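Q: Let me give you the structure first, and then I'll get to my questions.
FYI, it's all coordinate maths here, none of it is from the lab. Not measured: the values here are computed from a predicted model. Note: ideal-geometry Cβ built from the backbone for every residue, glycine included; neighbour counts use all protein chains shown.
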Amino acid sequence: MLTKNIDFINFKGKYKTSKIKLILLTLLKGSNEVIKSLSKNYNLNYDLKEIKKYKKSTNYRIIGMGGSCLGSQTIYDFLKYKIKKNFVFINNLNSCVKSNKKSRFTNLVISKSGNTIETIVNANVLIKKNDSNIFITENKKSYLYLLAQKLKADVIHHSNYIGGRYSVLSEVGMLPAELMGLNPNNFKRLNNLVSNKYFLKSLIENVGAILHFSKKKKFNSIIINYDSKSENLFNWYQQLVAESLGKNKKGILPIISNMPKDNHSVMQLYLDGFKNNFFTFFSVRENKSKKIINQKILSSHNYLKNKNISNIIYAQLKASENVFKKKNIPYRSFEIKNRSEQTLGELFCFFILETILLGKCMNINPYNQPAVELIKKETKRILI
């Protein structure tokens with residue numbers, strides 16, 4: 001058990017971890033602002049009294065790219081059963097995107113730099129005269145900062161020392177969570193986790209295993225996801241790992257497989273193809289799911305009677321794990337016992353800490369993304 005909310009099976013084997021443990025302890029004792037954002041001690045850059053007026057809205061639109069949008073989208077999808085309001089996420093550039101002329105939105109426009117071209121274009125196309133607008137951006141005269149002033153919108157300062165992919169537990173993710181009717185403090189789990197010896201041990205051993213796989217030329221981190229409501233969690237994870245570690249001809253490639261659909265496509269490759277992969281199984285225990293209609297089941301498949309869809313998915317998950325074990329394919333497994341802010345906060349903490357530790361151990365700066373800037377500059381050159 002990783003925590004009381006998460007059952008966990010670790011990668012099989014023993015790996016070198018002494019250096020990793022030392023780096024983790026140094027990070028936790030230091031003044032790293034990304035790490036601070038995971039704790040309850042981090043001060044969010046907004047005043048609850050000032051945003052109270054926006055809580056009356058029922059329709060919200062979050063306009064941002066990558067980590068500026070994926071964190072809050074993860075929260076919305078994972079905890080939608082608790083959320084009574086409608087959120088729309090605009091996280092790509094689509095020439096067919098349309099502005100809904102009938103609905104009045106509260107727009108949250110999010111960009112750390114304030115100059116993200118896709119966010120600028122989407123804001124230009126979508127924001128209407130009668131909308132309410134909040135901009136989350138750095139405290140400097142960027143395009144979006146100046147646009148916010150022109151629209152007389154509220155501006156919440158995006159901390160310049162926290163990059164987008166690490167910002168989910170900062171104002172970037174927590175303000176949307178607040179507007180969803182959730183409690184941001186419940187996501188802040190670092191304070192609890194640092195006193196959980198099993199959590200820290202599992203985290204360190206995971207990093208040791210992944211470093212071992214990397215040295216053995218196993219670069220593909222494949223997520224075998226059995227929970228449709230967690231697809232954006234792993235879109236967030238994909239950016240976190242790829243953008244943080246893909247440098248200096250090194251890196252880990254996160255690949256997302258949504259199950260059981262992919263049993264009928266790429267699973268054959270995973271089981272019998274090339275062996276440069278390691279795997280993460282992910283599932284959530286669902287208490288309510290549709291039941292099989294017994295009267296419609298033919299006698300050849302009586303074993304399906306009295307089952308529900310969750311029972312069947314769980315059987316497929318365990319069958320896959322058993323086959324992976326027999327074939328000595330490296331995997332770890334997360335089984336979520338309940339959907340809550342606390343559980344999601346623990347997952348955010350685990351993956352963020354794991355990624356930073358991997359970067360430090362690989363002698364990579366996990367906080368920058370220098371190569372991506374080349375495309376931004378080249379795009380601007382072409383448009384000019």
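Q: Assuming 0.36 nm per residue, please report the length gained on full extension of the stretch ASN183 to ASN365 beyond their Cα-Cα distance.
A: Taking 0.36 nm per residue and subtracting the Cα distance, the gain is 62.3 nm.
Q: Return the calculated 222 nm mean residue ellipticity for the chain, to the nearest 500 deg cm²/dmol, obtained by summing -39500 (n - 2.57) across DSSP H runs with n ≥ 4 and dividing by the residue count.
A: Dividing the helical sum by the residues of the chain leaves -12500 deg cm²/dmol.
Q: Here's something else I'd like to know. Report, to the nearest 10°, how far helix 117-126 tilts away from the longest principal axis of the Cα atoms in the chain, using its own Cα long axis and a range of 0 to 90°.
A: Helix 117-126 and the main axis of the chain meet at about 70 degrees.
Q: Does segment 43-185 come out rounded, prolate or oblate by the C-alpha gyration tensor, with a ≥ b ≥ c the root eigenvalues, rounded set by a/c under 1.5 and, if not, prolate when a/b is larger than b/c and oblate if not?
A: Taking the square roots of the gyration eigenvalues as a ≥ b ≥ c, segment 43-185 is rounded.
Q: Moving on. Of SER18, SER37, SER221, which is the most mobile in a GNM of the chain whose springs link Cα atoms less than 10 angstrom apart?
A: SER18
Q: Based on alpha-carbon centroids, what's the gap between segment 213-239 and segment 324-373 in Å, whole number please?
A: With segment 213-239 and segment 324-373 each reduced to a Cα centre, they are spaced 8 Å.
Q: Provide the FRET efficiency to the nearest 0.05 for the ASN302-GLN268 pair, computing r from the beta carbons and using R0 = 22 Å.
A: Efficiency for this residue pair is about 0.20.
Q: Round to the nearest 10 and give me the degree value, 0 to 90, for the angle of helix 341-361's Cα axis relative to the longest principal axis of the chain.
A: 90 degrees
Q: Using 0.36 nm times the number of residues separating LEU374 and LYS318, minus their current alpha carbon distance, what extension gain do you get?
A: The LEU374-LYS318 span can extend by a further 15.7 nm.
Q: Out of residues 5 or more away from ARG332 or on other chains, whose amide H comes under 5 Å of its own, with H placed 1.01 Å from N in the peptide plane?
A: The answer is PHE279, THR280, PHE281.
Q: Taking θ = phi - 60°, what integer Hz values does the Karplus form 6.51 cos²θ - 1.76 cosθ + 1.60 yield along segment 23-28, in sequence order, with x for Gly and Pro?
A: Karplus values, whole Hz, x for Gly and Pro: 5, 4, 4, 5, 4, 5.
Q: Can you work out the Karplus-derived ³J(HN,Hα) for every residue in segment 222-234? Use 6.51 cos²θ - 1.76 cosθ + 1.60 with θ = phi - 60°, whole Hz, and x for glycine or proline.
A: 9, 8, 9, 9, 9, 10, 5, 7, 10, 4, 6, 4, 8
Q: Students often get this wrong: which residues of segment 69-96 have the backbone nitrogen under 17 Å from the point 7 angstrom along Cα-to-C-beta of ASN59?
A: Once the point is set 7 Å along Cα→Cβ of ASN59, 84-90 turn out to lie under 17 Å by backbone N, inside segment 69-96.
Q: Work through the residues other than ASN41 whose Cβ is under 14 Å from its Cβ and net out their charges, Lys, Arg +1 and Asp, Glu -1.
A: +4
Q: Taking just the C-alpha trace of segment 253-366, give me its Rg and Dmax in Å.
A: Both quantities, over Cα of segment 253-366: 17.9, 61 Å.
Q: Let me ask something additional. Using amide H atoms built in the peptide plane, which far-off residues or other-chain residues are under 5 Å from ILE292 H to H?
A: It is LYS307, ASN308, ILE309, by chain and number.
Q: Can you tell me the dipole magnitude for the chain around its Cα centre, using point charges on the Cβ only (Lys, Arg +1; Asp, Glu -1), in Debye to the nearest 20?
A: 400 debye
Q: Okay, next question. Starting from the 7 Å offset along Cα-to-Cβ, what nm value, one decimal, do you get for the label separation of LEU48 and LYS16?
A: 4.9 nm
Q: Could you tell me which residue out of SER103, GLY30, CYS69 lies farthest along the dipole of segment 1-132 toward its positive end? Charges go on the beta carbon: Lys and Arg +1, Asp and Glu -1, centred on the Cα centre.
A: Value computed over the given set: SER103.
Q: Pick from LEU179, LEU317, LEU28 the residue whose mean-square fluctuation is largest in a GNM of the chain, springs joining Cα atoms under 10 Å.
A: LEU28
Q: Still on this structure: Pick from ILE252, ILE297, ILE117: which residue has the top mean-square fluctuation in a GNM of the chain where Cα pairs under 10 Å get a spring?
A: Judging by the Gaussian network model, the answer is ILE297.
Q: Under the rule a/c < 1.5 gives rounded, and otherwise a/b versus b/c splits prolate from oblate, where does segment 116-207 land using the Cα gyration tensor?
A: The shape class here is prolate.
Q: Would you mind checking the radius of gyration and Dmax of the chain based on alpha-carbon positions, in Å?
A: 21.9, 70
Q: Hey, another quick one. Which whole-Hz couplings ³J(HN,Hα) result when phi for each residue of segment 46-55 is put into the Karplus expression 6.51 cos²θ - 1.76 cosθ + 1.60, θ = phi - 60°, listed in order with x for Gly and Pro?
A: Karplus values, whole Hz, x for Gly and Pro: 8, 9, 4, 5, 6, 9, 3, 4, 7, 6.
Q: Distance cut-off 28 Å, Cα to Cα: go down the list LYS29/LYS82; LYS112/LYS216; LYS12/LYS318; LYS12/LYS188 and report the pairs above it.
A: Beyond 28 Å: LYS29/LYS82; LYS112/LYS216; LYS12/LYS188.
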